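Okay, structure first, notes after.
Coordinate-derived values only; no laboratory data. Given the structure is predicted, the values throughout are model-derived calculations rather than measurements. Cβ placement follows ideal geometry from the backbone for every residue including glycine, while neighbour counts extend to all protein chains displayed.
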Amino acid sequence: MTIKFFKIAVMAMLLAFTTSCSDDDNNDDMNPPAENTKGSMYIKFDHVWGPAQDDFALNTDLTHPASGEELRFTKLRYYISNIELQNANGDTWKEEESYHIVDAENMSSGEVELELSDLPGGSYTGISYMIGVDSLRNVSGAQEGALDPAENMFWSWNTGYIFIKAEGESNMTSNGSFTYHLGGFSGPFKANQEKYHDFQGATLEISPADNPAVHVTVNAARFWHGGLSTEQVPMMHMPGEMAQTLATNFGGGFQFDHIHN
Amino acid sequence: MRFTLATLMVALLISCQDDKQEPPEAEFSAYEVPAHFPDPVYNFDGNPITEKGFELGRKLFYDKRLSRGQQVSCGSCHAQVHAFADHALPLSIGVDGKEGRRNSPGLYNLAWTEAFMWDGGINHIEVMPIAPITDSVEMDIPLSDLVEYLQTETEYPEAFNAAFGSTEITSARLLKALTQFQGSIVSDGSRYDKYLQGQYTMTVEQERGLALFEANCAGCHAGVLQTDFSYRNNGLDAYFTDLGRGRITQNPDDDGKFRVPSLRNVALTNPYMHDGRFFTLEQVLDHYSEGIVESPGLDPVLANGIPLTEDEKEDIIEFLYTLSDFELLGDLRFSEPLE
């Protein structure tokens, strides 16, 4: 009797010993997560037309306020990358893998929104981003997501991303269309550009409960700032000085408008 | 007692089993860095070569479905029998019989190449295939269309799953698979390579040719790879229809400059120059000796040409023949798959 009991006891101990060897990764009940102060926000790009901020839409007749040209956009897409937010203490939060394509096809009442998550809670006083793709990622080979060359924002013959694509019709060009593929990240003429918007006293409040939004207006008429027209520049398909000019003209039309907390 | 022992052994065997996966398979080695080569510029850390990835790349390389109307594959213009250059054509023929723009170069030792194409416009081996795939006179298929086609209408998802652990095909995976294959093609089996390693004795003519080559040609066709990767105007034309490097840098001083090609396998990759205008090595040497054409950007080392006697030209050509790597031509690992 005792020996049998002993055998069972040993086997039970062995069983307990051996089955308890496995690693238990699911310890959530044991270690509750730290209190979560992180939150999300939106950047909303409001596309407008001209300094009067008239409505902007694709496939819609528009008259340029300065040149008087009759234009229609069939396509407007651009990269927004390297997004950072600055808080009241001077600290900076950087979005990881920060690459987005803003496509006017996705406009809702002129707005395209980007959602950013996992920001540490607190008050933020400014935002910076790049219109385009930084030079490092232009030389990093085949990439995924927004940087996938199958997004058709990539030059196959002169490696690099097309930072801004604007295509459409014009009454003043010989073939009735305008086509701007703006890129170039090296040499004297870079078409990528960094923007910074101070919230001018307003603050962006991040917390788990809120979903605030920063509104940036984007003036699509601004390609032709400073007297340019599609008649003078009907197309642009390579890096260089004019690509840089068109890109920085357009980038100059990005302005901080307001915050919704 | 035996029952207890058995239970004990079984318990120990099944106990403490990790959830970890099997240890990784032994590394597949189609790619080897020759000891006498400089360091490659591309490293496969971000794209480790596996047998499945390499075989996927090989299958893609020889697959005509990567072109519109399934007319041409990479292998159509990059043929192993010609050291992965084209079949003695100045300009390759793409879809619908369309003629290409520049001579198709041999694909080997690509991991040592920093910038691709005759004008160096492509800065990374992984994105190199996008150009021929999407070019209207080559394979003429948009990248997004190709990815969707392979995903929905072919047997490829399984091969991608074997290579990358997912049946989802992305352009990056396609391009990395092609890179695993193409990047593995190393040409280091020529008699010249064996000579460098003390395993081959040159003939008298080859020795003379080597000496002449080093004195007259190796300034540009330098080192083990026979190129310094610079862009030069070598006196082909006075006026340029093809701006070459100038189109990429937008600097007029670069107009008419093209990349110095490696001369490895040169006897196998005729015709020669960016537009394939010279069909024989004799014509090439005649050009350098008597045929240099003046232009503002002519490379200074060619200001007076490279005067050579007929005997000297013959000796140089004898040396150039030692650059042919016949092992590469017959290496079945890189050949068109049988199925």
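What's the average, rounded to a whole number, of partner chain beta-carbon atoms within 10 Å of each residue's beta-carbon in A:234-243?
1
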Next item on the list: Would you calculate, for chain A, the mean residue ellipticity at 222 nm contributed by helices, counting each DSSP H stretch of 4 or more residues as -39,500 (n - 2.57) and dividing by all residues, to the nearest 500?
Entry: -4000 deg cm²/dmol
Check: Shape of the stretch B:62-188 from its Cα gyration tensor (a ≥ b ≥ c, root eigenvalues): rounded if a/c is under 1.5, otherwise prolate when a/b > b/c, or oblate?
Finding: oblate
Item checked: Surrounding net charge for B:GLN80, when Lys and Arg each add one and Asp and Glu each subtract one, Cβ distance under 14 Å -> -3
Next item on the list: Sequence neighbours fewer than 8 away in the same chain don't count; with that in mind, list the lysines whose C-alpha is under 27 Å from B:LYS64.
Entry: B:LYS52, B:LYS98, B:LYS176
Check: About its Cα centre, how strong a charge dipole does the protein assembly as shown have in debye, to the nearest 20, once Lys and Arg get +1 and Asp and Glu get -1 at the Cβ?
Finding: 620
Check: If Lys and Arg each add +1 and Asp and Glu each add -1, what is the summed charge of the other residues whose beta carbon sits under 10 Å from the beta carbon of B:VAL33?
Finding: -3
Checklist line | Efficiency of FRET between A:LYS75 and B:SER29 - r from beta-carbon atoms, R0 51 angstrom, step 0.05 | finding: 0.60
Check: B:GLU214 to B:ASN251: FRET efficiency via 1/(1 + (r/R0)^6), r the Cβ-Cβ distance, R0 30 Å, to the nearest 0.05?
Finding: 0.45
Item checked: lysines with Cα under 24 Å of B:LYS257, excluding same-chain neighbours fewer than 8 positions away -> A:LYS190
Check: Under a GNM of chain A (C-alpha, springs under 10 Å), which listed residue has the highest mean-square fluctuation: A:ALA104, A:ALA213, A:ALA52?
Finding: A:ALA52
Next item on the list: With everything on Cα atoms, drop me the angle between helix A:2-19 and the longest principal axis of chain A, reported from 0 to 90° to the nearest 10.
Entry: 10
Checklist line | Helix-only mean residue ellipticity at 222 nm for chain B, each DSSP H run of n ≥ 4 adding -39500 (n - 2.57), per residue, nearest 500 | finding: -9500 deg cm²/dmol
Note to self: Could you tell me how far the Cα centroid of the stretch B:212-257 sits from the Cα centroid of the stretch B:265-339, in Å?
What the structure shows: 14
Check: With +1 on each Lys and Arg Cβ and -1 on each Asp and Glu Cβ, how big is the dipole of the stretch B:32-187 about its Cα centre, in debye rounded to the nearest 20?
Finding: 220
Check: In peptide B:248-255, how many Cβ atoms from other protein chains are near each Cβ within 10 Å, on average?
Finding: 3
Item checked: Anisotropy class of the stretch B:232-339 from Cα gyration tensor, a/c 1.5 cut -> oblate
Checklist line | Gyration tensor (alpha-carbon) shape descriptor, the protein assembly as shown, a/c threshold 1.5 | finding: oblate
Note to self: Using a Cα-Cα cut-off of under 22 Å, which lysines could be cross-linked to A:LYS44, ignoring same-chain neighbours fewer than 8 residues away?
What the structure shows: A:LYS75, A:LYS94, A:LYS165, A:LYS195
Next item on the list: Measure nothing but the geometry: give the 0 to 90° angle between the long axis through the Cα atoms of B:281-290 and the longest principal axis through the Cα atoms of chain B, rounded to 10°.
Entry: 40
Margin query: Give me the net charge for the shell around B:MET117: Cβ to Cβ below 9 angstrom, other residues only, Lys and Arg +1, Asp and Glu -1.
Written below: +1
Note to self: 7 Å from Cα along Cα→Cβ at both A:SER108 and B:VAL293: what's the point-to-point distance in nm?
What the structure shows: 6.1
Note to self: As I understand it, the value is the acute angle between the Cα axis of helix A:241-252 and the longest principal axis of the Cα atoms of chain A; what does it come to in degrees, rounded to 10?
What the structure shows: 70
Note to self: Can you give the Rg/Rh ratio of chain A, where Rg is from the C-alpha atoms and Rh is the Kirkwood radius?
What the structure shows: 1.25
Next item on the list: Sort out for me the Cα centre separation of the stretch B:106-166 from the stretch A:184-252, rounded to whole Å.
Entry: 32
